[in-house]
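The values are calculated or read from the model by the stated rules, or taken from the named source; none is laboratory data. Please read all numbers here as calculations on a predicted model, not as lab measurements. Ideal geometry is used to build each Cβ from the backbone, glycine not excepted, and the neighbour counts take in all protein chains shown. The accessibility values were calculated without ligands, DNA or RNA, using every heavy atom of the protein model including side chains. Shrake-Rupley method; radii C 1.70, N 1.55, O 1.52, S 1.80 Å.
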Amino acid sequence: MEHNNIPLCSFFKELSLKSNFQHEYKIDLEAKVMDAYYHSNKILLEKIIQDFEKSSSTDKTDDIIIVKGWLESLKEDEEEPDIEVRNALKDRVFNIPDLNKEKLTLFCNFMDFYDLDSNVMIARKAINKFISSNETEI
């Protein structure tokens, strides 16, 4: 940076701004997904998936799976389930090494994709781990 005459503080300030922008963008996108889900707007969820697929985001695969999960949750009983999406979400939950808030949220959002025995097992683990937690969200 010295060789290119870039002040150190300017570099880190710019880096911080980009990080904040990406964080705000992600929060805004999550709000749009939730709004589309709660309004049963399958068309908007499909558009969000298409936008993710076109984006250059490095973690877009996880985002696409989660949005597809919300779309899957909107399916009626007579509609054919997308087993690949359901299994990908289950794998995502089980691949998070420790039961934490992220894993618990992901599980709770998509628990209808699990069989009863898996739901009971994961719920017991969550209760045992967080029984003395004061976090209201958990």
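Per-residue SASA remark: Met111, around 80 Å² accessible (1.4 Å probe; ligands, DNA and RNA not included).
Take every Cα pair under 8 Å whose residues are at least 6 apart in sequence, average their separation, divide by the length of the chain, and the relative contact order is 14 percent.
Using only the Cα atoms of the chain, what semi-axes does the equivalent ellipsoid have when each is the square root of 5 times a gyration tensor eigenvalue? Give whole Å, largest first.
Numbers: eigenvalues 225, 100, 36 Å².
So the three semi-axes of the chain are 34, 22, 13 Å.
Helix 83-95 and the longest principal axis of the C-alpha atoms of the chain enclose an angle of approximately 70°.
For the chain, what does the helix formula give at 222 nm: sum of -39500 (n - 2.57) over DSSP H segments with n ≥ 4, over the residue count, nearest 500 deg cm²/dmol?
Working: 6 runs with 95 residues, N = 138.
-23000 deg cm²/dmol, from helical runs alone.
Sort 29-36, 61-68 by the packing proxy (mean of other Cβ within 10 Å over each peptide's residues), most packed first. Don't skip to the end; give the middle numbers.
Numbers: 29-36: 14.9, 61-68: 18.9.
By packing density, highest mean first, the sequence is 61-68, 29-36.
For the pair Tyr38 and Thr61 in one chain, pulling the backbone fully straight at 0.36 nm per residue adds 6.0 nm over the alpha carbon distance.
Annotation: Asp112 carries an accessible surface of approximately 100 Å², with a 1.4 Å probe and no ligand, DNA or RNA atoms counted. What do you get for the angle between helix 60-73 and the principal long axis of the chain? Use alpha-carbon atoms, 0 to 90 degrees, nearest ten. Tilt of helix 60-73: around 30 degrees.
Straight-line cross-link partners of Lys47 among the lysines, defined as a Cα under 20 Å from its Cα and at least 8 positions apart when in the same chain: Lys26, Lys32, Lys60, Lys68, Lys75.
The GluC sites (Glu not before Pro) of the stretch 53-113 that meet both conditions, a loop assignment by DSSP and at most 15 other Cβ atoms within 10 Å of the site Cβ, are Glu76, Glu78, Glu79.
Share of the chain's accessible area from carbon and sulfur, percent, 1.4 Å? Of the solvent-accessible surface of the chain, carbon and sulfur hold 53 percent.
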